[in-house]
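These notes are about the structure you will find just below.
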Amino acid sequence: MTTPFILALLLSPFVAVVLWLFTEWILRNINEKHVPKIYVQPGFFYPLKYKLFRIILWLRKRQNDNRLRRKQSAESAGAGYGIQSRNSPEEMDRLQQLSQNHPLAVDAVYFNGGNSDGVFLVAATARRHEGIVQTILYLQVPSIGLLELPNLPDTWLTSDSCESAYAAGGLIITPIKPMEEWSISFNGSLRIADTKQNVHVKFSLLWKAYTKPFDFDTDLHPHVMADGIAREKWSRDYFDTLKKAHQTHYEQFGEIQGTVQIAGHQDLDIKVQGVRDHSYGNIRDWKLFHRYVLNYVHLEDGTAICVGAISMPITLSRLVVGYVFHPDGSMDPVSGTDFEFYNWGDDGEPPTKLILNFTAGDKDYYMVSSRLHCPVFYMGKEWDAKIYERFCTYSVNGIKGWGISEWDYRNLAGKKLKG
């Protein structure tokens, strides 16, 4: 056997590795050529970082389970990534004391619902320091059109000084039974969007849960969390920012029912299905969000779905979120989706039709949504975020449904009215 042949055999593994790395580099550059840099893609150390963070999530979940067994007190400062922020539903599902550590602390609730007749409702408030309550109220009635708070698209209102409810602008949202019932009431003027006419509207509605809550601190699929964090550049500052920017956020599907009185019109009995959420934390700065797309869907067979993605480059440039609650009450977290921000509405205009595939519980889902209506509002004192509240019809694996698809964009233009 000649010396050159032996040398070639010894070098072949090294050559193979070099060729593999070179091929990976070429393919990555080809595939990422059309991807905006703001959406960070997996790098060379992604596999190692991914596996490491999966271990971290597993350890934190065990820590959370042990704390619950020992009935130890929860600490908000250490919440997230597998650990709960509160000990009980009673402690979570109520007004939260705004943190004094940051002027942008938040305690926010959001409710939406729709039905097959084309009735949609959105009611939300976000409590801030200095008595500010960012407030949204939309009611879509096919025979009348869209009714909205007269201050919209601006959401910046002052509190109605109610210590037991989320209240501003005539809207009052009150917890009744933790994780089971909430009251949504209103007494005041709403504007008909098409005619700009103000009409007096009064209602007292009851929200009742039909799924368990989904806590983003503990219930997100470990793959989507590890994938999102493994893409980012790790440093002490990065993980400090993750901790500082964390918010507790949980969601739950339910039904809203009651009678709406609209001046000059017959009373309307409504029954709509959708999601409600609750968020609280030290910081909610709308300038930090680049984009998010969230779909909340109720299907005719009783299935409840959330699927979407969030881009907050300071922490996670692409985090997939979601879950599927089945009619029997069981739940599967979303483990992946083919949705990419750069393929859908990255020019600032959401599409009228959205098609995406996602996986939950080892089952593949094919979702198609079509927009019916799309009011727009702004969040932040200087209108830092522009949000499209899209009322939609859905089809998921051939089953029809309805819901709301919310698309958020960073509004660099600031507070400027058009027209």
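The values are calculated or read from the model by the stated rules, or taken from the named source; none is laboratory data. Because the structure is a prediction, the values reported are computed rather than measured. Cβ coordinates were reconstructed from backbone atoms using ideal geometry, including for glycine residues, and neighbour counts include every protein chain displayed. Side chains included, ligands, DNA and RNA excluded: accessible areas come from the protein's heavy atoms. Shrake-Rupley method; radii C 1.70, N 1.55, O 1.52, S 1.80 Å.
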- Item | Pair residue 161, residue 97: separation of 7 Å Cα→Cβ label points (nm) | 2.3
- Task: Taking a cut-off of 20 Å between Cα atoms, list the lysines near residue 177, but don't count ones fewer than 8 places away on the same chain.
- Result: 208, 212, 271
- Task: Assign unit charges at the C-beta atoms only (+1 for Lys and Arg, -1 for Asp and Glu), then state the dipole size of the chain relative to its Cα centre in Debye, rounded to the nearest 20.
- Result: 1100
- Relative contact order computed over the range 75-145 (Cα-Cα under 8 Å; 6+ residues apart), in percent: 20
- Return the distance in nm (one decimal) between the two label points of a simple spin-label model at residue 194 and residue 177, each offset 7 Å from Cα along Cα→Cβ. 3.9
- Over the chain, calculate the relative contact order: mean separation of alpha carbon pairs under 8 Å at least 6 apart, over the residue count, as a percent. 14
- Query: Looking at the P(r) of the range 314-419, how many percent of alpha-carbon pairs lie beyond 18 Å?
  - Reply: 59
- Principal axis box of the range 182-222, alpha-carbon based, largest edge first, Å: 49, 22, 15
- Item | Counted charge near residue 188, where neighbours are those whose Cβ lies closer than 14 Å (Asp, Glu -1; Lys, Arg +1) | 0
- Task: Please report the base-10 log of the normalised intensity I(q)/I(0) for the range 64-196, using a Debye sum with one equal scatterer per alpha carbon and no solvent, at each q in 0.09 (1/Å).
- Result: -0.35
- Taking the Cα atoms only, what angle lies between the long axis of helix 3-31 and the longest principal axis of the chain, rounded to 10 degrees? 20
- Note on the structure: tail above 40 Å in the computed P(r) of the chain, as % of all Cα-Cα pairs, reads 19
- Message: Skipping prolines and chain starts, which residues have an amide H placed within reach, meaning under 5 Å, of the one on residue 334, given they are 5 or more residues away or on another chain?
- Response: 221, 322, 323, 324
- Give the calculated FRET efficiency between residue 255 and residue 235 to the nearest 0.05, with a Förster radius of 45 Å applied to their Cβ-Cβ distance. 0.45
- Phi angles of the range 228-242, converted by Karplus (6.51 cos²θ - 1.76 cosθ + 1.60, θ = phi - 60°) into ³J(HN,Hα) in whole Hz with x for Gly and Pro, give x, 6, 5, 6, 7, 7, 8, 6, 4, 4, 4, 6, 5, 5, 3
- Query: Of the listed peptides 382-391, 152-161, what is their order by residue-averaged count of other C-beta atoms within 10 Å, with the highest listed first?
  - Reply: 382-391, 152-161
- Item | Percent carbon-and-sulfur accessible area, the chain, ignoring ligands, DNA and RNA, probe 1.4 Å | 55
- Task: Name the residues whose placed amide hydrogens come within less than 5 Å of the amide hydrogen of residue 385, ignoring near sequence neighbours (fewer than 5 apart) on the same chain.
- Result: 379, 411
- Starting from the Cα-Cα distance between residue 52 and residue 395, subtract it from 0.36 nm times their residue separation and give me the gain in nm to one decimal. 119.7 nm
- Output ³J(HN,Hα) for the range 303-312: one whole-Hz value per residue in order, computed from phi by the Karplus curve 6.51 cos²θ - 1.76 cosθ + 1.60 with θ = phi - 60°, and x for Gly and Pro. 5, 10, 10, 10, 8, x, 8, 10, 10, 10
- Message: Through the Karplus equation 6.51 cos²θ - 1.76 cosθ + 1.60, θ set to phi - 60°, convert the phi angles of the range 371-377 into ³J(HN,Hα) values in whole Hz; use x for Gly and Pro.
- Response: 7, 9, 9, 8, x, 10, 9
- Query: From the cross-link list 243/287; 37/244; 61/243; 202/416, which pairs have alpha carbons spaced over 22 Å apart?
  - Reply: 37/244; 202/416
